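Structure first, commentary second.
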Ligand SMILES: Nc1nc2c(c(=O)[nH]1)N[C@H]1C(S)=C(S)[C@@H](COP(=O)(O)OP(=O)(O)OC[C@H]3O[C@@H](n4cnc5c(=O)[nH]c(N)nc54)[C@H](O)[C@@H]3O)O[C@H]1N2
Ligand SMILES: Nc1nc2c(c(=O)[nH]1)N[C@H]1C(S)=C(S)[C@@H](COP(=O)(O)OP(=O)(O)OC[C@H]3O[C@@H](n4cnc5c(=O)[nH]c(N)nc54)[C@H](O)[C@@H]3O)O[C@H]1N2
Ligand code: SF4
Ligand SMILES: [Mo]
């Protein structure tokens, strides 16, 4: 009987525990890991199909160089030497700002980012275009202003909540951000003492399970949230003690809401006033946790929605208090805090968007490349990302990527982006390498899991960390490594730690290049650059998380980092690595006075635009009378990660959902092709009559339109989206509200 190996699913950042059997490079059997400490046997359909993630005919096995339309296999040595040479030439001629790094780590393999970002930085660029900056950076920006750090992130405190309010989040399907989401949702929906309330324009799968479903008009979240705050303030339901103790700026924000015309606003939202007042009363008086996601973040008022959501939570005293929304812990924050009011902050060159939490928005990349400025973007390394499918305006993306002097794609599959690249480098898949994920999705416990290699590599792929280390070495970026450090690495991890401290203490450059130093020394004796990076993270973690570790039962000694690393090696199912103090969550605030800052000056003009009549006018479009939800996340996609359509049994799953009445009015039936047109493009796609969309809304999933076996499967929704339809602060795409029209094809 083959051995069951414990691992976790890399298809979404939820990372459910799995057990797999393998033979060579194949995963042959999969089952949920019922003893997994965090997910306890929970999985979705995608996790159970993980074998097809890495076993298909488009897997990359060897480095390749493109000449015209054909790729030639080359050796790793040749690939590293040529890429390093070309990068050096471009930087010498145009300076380091000509270089960008895109993607990084995807949903389940974050160790590469430590190397990719360090490599970029060592060359003198900060331009990391990350998928996080096409959804979350508006929210991160608000977090920075309100809580003092962009990387302080709130999540629902479901263990202590009486009610669960989902706004613009379809957790029943997406699972995003809530551990064992379906189970947790069911607990709220079925317990007579709890309630699940869903605010969603569509009858999403989550809405269909709710005790109560409020169905606002698509694109009116900001009006609704502003109305909810106005009801709180006009009724005097704000939590005065909490505001006095924990908030700053209430008097400055109150006038926005005091005279706000709630009745007129809710009319535009097409909601019944009494339903909303009841919801607000419940939220203001009972411990209620909120989970929102792309329905807010990718809506037309993206950053404003995040701001209003924060104000609503704060005035009701639901931030950092039991059963509300709490600051989650982490082993390492997902990014660094950047305050763009500092004039030294980096901005994109042609479009002027600031770095937020260390990330730049993929939406602007075509403009940055196609700009006529001398200091435009000319070279890019893409890893774990497929911009031609994932980012807005695929047509412009394709045109822009072709203009690059150097495009290197690090991938496991021959993607649409890889096909345009000058060099394609094969990465080890999630199940062939050591790796870990840094997203934290539990409270108050903090877990960490190291994914051990489960399969043999197919061909000659490398870990991404090794690729960047070799490139850095070839470009002369690595400091001299003393023999003493190499010898210490052979002697063991404890002597290595001591020697590393001595070396980095006296050589600043060595400290700055730490992941590479560790990869070149300890990484060699461990057989993995990523494992050396995880070791480094474990060595650093106790330095800033002593209290969390103590609460979780650890004794903080100088050797604790080493102990944690060994524990990760011994426990592939993951370990409890810290615990937050659930009774002092507001202690996490990082503003100078430890208060929540309610007034964000830069948003005050925008706040004035959130008015019923202005919004009503903005929602009317004669040319495009319908709204396209461009990119639903649903059970038959895992972003663009699953390429072989066999994983969906070759069913036609890429359809345009349309509701009965709209279909009837258009004379369209299920299976019939329709012509869908937006300002950016046009596609023909089969219609599917469904109970999910509301009147006036059509829905297409994201993650289709990929080439497999010489054929395009489904429609790439990003041929319909414009990169300029974006948030004014963070440039995140507004994919949840794309005006369109539909006609029979
Ligand atoms: N199966 C599957 N799961 C996934 C993924 C996947 O590709 N497939 N991808 C993962 C990733 S990367 C992410 S970011 C998450 C995303 O997870 P979600 O954000 O949960 O995914 P969406 O499908 O965008 O669902 C958002 C909900 O917001 C609603 N909405 C849209 N517009 C509005 C509005 O104006 N107001 C309100 N109140 N609601 C609105 C939509 O109807 C929808 O039900 O999913 C993750 N999980
Ligand atoms: N219109 C529209 N577009 C959207 C969305 C939407 O709702 N609407 N949703 C967006 C969201 S929320 C997200 S997060 C993005 C995600 O978009 P992307 O950033 O493109 O990320 P993924 O689709 O998750 O993964 C991309 C690639 O990672 C590769 N890969 C898998 N494993 C590994 C590995 O171990 N190493 C390396 N180097 N590569 C690997 C896969 O083969 C795949 O090609 O898409 C976005 N695009
Ligand atoms: S795709 Fe499904 S099984 Fe995999 S981590 Fe996400 S929720 Fe869990
Ligand atoms: Mo995402």
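The values are calculated or read from the model by the stated rules, or taken from the named source; none is laboratory data. Owing to the predicted nature of the structure, the values given are computational and were not obtained by experimental measurement. FYI the Cβ positions are ideal-geometry reconstructions off the backbone, even for glycines, and counts take in every protein chain you see.
Exactly one of (1) assigned to a loop (DSSP other than H, G, I, E, B); (2) buried (at least 21 other Cβ atoms within 10 Å of the Cβ); (3) in the same structural domain as residue 390 (by TED's automatic domain parsing) is unmet by residue 116. Its number?
Every listed condition holds for residue 116 apart from (1).
Among the residues of the range 93-107, is there at least one that is within 16 Å of ligand 3 (Cβ to nearest atom), buried (at least 22 other Cβ atoms within 10 Å of the Cβ) and assigned by TED's automatic domain parsing to the domain that holds residue 528? Walk me through how you get there before you give the answer.
So in the range 93-107, the residues within 16 Å of ligand 3 (Cβ to nearest atom) come out as 105-107.
Subset that is buried (at least 22 other Cβ atoms within 10 Å of the Cβ): 105-106.
Adding the requirement that they be assigned by TED's automatic domain parsing to the domain that holds residue 528 leaves 105-106.
Among the residues of the range 93-107, at least one is within 16 Å of ligand 3 (Cβ to nearest atom), buried (at least 22 other Cβ atoms within 10 Å of the Cβ) and assigned by TED's automatic domain parsing to the domain that holds residue 528, which makes the answer yes.
Taking the range 394-419, which residues are touching a residue at least 60 places away in the same chain (Cβ under 8 Å), under 22 Å from residue 731 (Cβ atoms) and surrounded by fewer than 24 Cβ atoms within 10 Å (Cβ to Cβ)?
Within the range 394-419, 395, 396 qualify.
Of everything in the range 57-77, what is in contact with a strand residue (DSSP E or B) (Cβ under 8 Å, 6 or more places away or on another chain) and either within 16 Å of ligand 1 (Cβ to nearest atom) or more than 16 Å from residue 418 (Cα to Cα) (or both)? Give them in sequence order.
Residue satisfying the conditions is 76 alone.
What number of residues in the range 607-626 are part of a loop (DSSP other than H, G, I, E, B), closer than 22 Å to residue 309 by Cβ and more than 14 Å from ligand 1 (Cβ to nearest atom)?
Residues flagged as part of a loop (DSSP other than H, G, I, E, B), closer than 22 Å to residue 309 by Cβ and more than 14 Å from ligand 1 (Cβ to nearest atom) within the range 607-626 amount to 1.
Going through 336, 306 one at a time, which residue ends up being within 20 Å of the chain's Cα centre (by Cα) and either within 16 Å of ligand 3 (Cβ to nearest atom) or under 29 Å from residue 241 (Cβ atoms) (or both)?
Values: 336 fails: either within 16 Å of ligand 3 (Cβ to nearest atom) or under 29 Å from residue 241 (Cβ atoms) (or both).
Within the list 336, 306, the selection yields 306.
Evaluate the following for residue 629: is it assigned to a strand (DSSP E or B), touching a residue at least 40 places away in the same chain (Cβ under 8 Å) and over 30 Å from residue 33 (Cα atoms)? Quick ask: steps written out before the conclusion?
Values: assigned to a strand (DSSP E or B): yes; touching a residue at least 40 places away in the same chain (Cβ under 8 Å): yes; over 30 Å from residue 33 (Cα atoms): yes.
Considered against the rule, which asks whether it is assigned to a strand (DSSP E or B), touching a residue at least 40 places away in the same chain (Cβ under 8 Å) and over 30 Å from residue 33 (Cα atoms), residue 629 comes out as yes.
Which condition number in (1) more than 16 Å from ligand 2 (Cβ to nearest atom); (2) part of a loop (DSSP other than H, G, I, E, B); (3) surrounded by fewer than 24 Cβ atoms within 10 Å (Cβ to Cβ); (4) at pLDDT 95 or above is the one that residue 367 fails?
Going through the list (1) more than 16 Å from ligand 2 (Cβ to nearest atom); (2) part of a loop (DSSP other than H, G, I, E, B); (3) surrounded by fewer than 24 Cβ atoms within 10 Å (Cβ to Cβ); (4) at pLDDT 95 or above, residue 367 breaks only (2).
Is at least one residue of the range 236-246 within 29 Å of the chain's Cα centre (by Cα), in a helix (DSSP H, G or I) and either in contact (Cβ under 8 Å) with a residue 40 or more places away in the chain or buried (at least 24 other Cβ atoms within 10 Å of the Cβ) (or both)? Full working, then the answer.
Kept after step one, since they are within 29 Å of the chain's Cα centre (by Cα), are these residues of the range 236-246: none.
Looking for residues that are within 29 Å of the chain's Cα centre (by Cα), in a helix (DSSP H, G or I) and either in contact (Cβ under 8 Å) with a residue 40 or more places away in the chain or buried (at least 24 other Cβ atoms within 10 Å of the Cβ) (or both), one finds none in the range 236-246, hence no.
I want to confirm something. Restricting to the range 119-169 and keeping residues that are farther than 27 Å from residue 184 by Cα and in a loop (DSSP other than H, G, I, E, B), which single residue is farthest from ligand 2 (Cβ to nearest atom)?
Checking each candidate, the answer is 148.
Among the candidates 680, 663, single out the residue that is assigned by TED's automatic domain parsing to the domain that holds residue 641, in a loop (DSSP other than H, G, I, E, B) and modelled with pLDDT of 95 or more. Spell out how you get there, then give the answer.
Values: 663 fails: in a loop (DSSP other than H, G, I, E, B).
When all the criteria are applied, what remains is 680.
Which one is surrounded by the most Cβ atoms within 10 Å (Cβ to Cβ) among residues in the range 313-333 that are part of a loop (DSSP other than H, G, I, E, B) and more than 21 Å from the chain's Cα centre (by Cα)?
Residues of the range 313-333 part of a loop (DSSP other than H, G, I, E, B): 316-318, 320-324, 328-333.
Subset that is more than 21 Å from the chain's Cα centre (by Cα): 316-318, 320-324.
Numbers: 316: 23, 317: 20, 318: 27, 320: 24, 321: 20, 322: 15, 323: 19, 324: 23.
Selected residue: 318.
Let me confirm something: among 715, 738, which residue is within 30 Å of residue 142 (Cα to Cα), at pLDDT 95 or above and not assigned by TED's automatic domain parsing to the domain that holds residue 355?
Working: 715 fails: within 30 Å of residue 142 (Cα to Cα).
Going through 715, 738 in turn, the sole match is 738.
I need a count of the residues in the range 253-312 that are touching a strand residue (DSSP E or B) at 6+ places or on another chain (Cβ under 7 Å), in a loop (DSSP other than H, G, I, E, B) and within 21 Å of residue 609 (Cα to Cα).
Residues that pass the stated criteria total 2.
Looking at 284, 264, 230, which one is without any contact (Cβ under 8 Å) to a residue 40 or more places away in the chain and surrounded by fewer than 22 Cβ atoms within 10 Å (Cβ to Cβ)? First the steps, then the outcome.
On the way: 284 fails: without any contact (Cβ under 8 Å) to a residue 40 or more places away in the chain; 264 fails: without any contact (Cβ under 8 Å) to a residue 40 or more places away in the chain.
Step by step, each of 284, 264, 230 is checked, and only 230 is without any contact (Cβ under 8 Å) to a residue 40 or more places away in the chain and surrounded by fewer than 22 Cβ atoms within 10 Å (Cβ to Cβ).
Can you tell me which of 196, 185 is under 16 Å from residue 290 (Cα atoms), away from ligand 2 (no atom under 16 Å from the Cβ) and outside any helix (DSSP H, G or I)? Reasoning before the result, please.
Details: 185 fails: outside any helix (DSSP H, G or I).
When all the criteria are applied, what remains is 196.
Please count how many residues of the range 1-45 are near ligand 3 (Cβ under 9 Å from one of its atoms) and assigned to a loop (DSSP other than H, G, I, E, B).
From the range 1-45, those near ligand 3 (Cβ under 9 Å from one of its atoms) are 8-18, 32, 39, 42-45; that's our starting set.
Right, trim to assigned to a loop (DSSP other than H, G, I, E, B) and you get 9-16, 39, 42-44.
Residues flagged as near ligand 3 (Cβ under 9 Å from one of its atoms) and assigned to a loop (DSSP other than H, G, I, E, B) within the range 1-45 amount to 12.
When the range 160-218 is examined, which residues are found to be within 21 Å of the chain's Cα centre (by Cα), away from ligand 1 (no atom under 11 Å from the Cβ) and on the phi < 0 side of the Ramachandran plot?
Hits for the range 160-218 are 179, 182.
Residue by residue through the range 56-71, note down the ones that are surrounded by fewer than 17 Cβ atoms within 10 Å (Cβ to Cβ) and part of a strand (DSSP E or B).
Within the range 56-71, 66, 67, 70 qualify.
Out of 83, 90, report the one residue that is away from ligand 2 (no atom under 16 Å from the Cβ), under 21 Å from residue 369 (Cα atoms) and in contact (Cβ under 8 Å) with a residue 60 or more places away in the chain. Even if it seems obvious, please write down each step before you answer.
Working: 83 fails: away from ligand 2 (no atom under 16 Å from the Cβ).
Answer to the check: 90.
Among the residues that make up the range 127-141, is at least one of them crowded, with 22+ Cβ neighbours inside 10 Å, farther than 25 Å from residue 515 by Cβ and more than 16 Å from ligand 4 (Cβ to nearest atom)?
Yes, the range 127-141 has at least one match.
Give me the helices (runs of 4 or more DSSP H) completely within the range 401-507, filtered to those with at least 2 residues that are in contact with a helix residue (DSSP H, G or I) (Cβ under 6 Å, 6 or more places away or on another chain) and more than 14 Å from residue 80 (Cβ to Cβ), ordered by residue number. Steps first, please.
Working: elements: 416-420, 464-474, 483-491, 493-506.
Filter on the range 401-507 gives 416-420, 483-491, 493-506.
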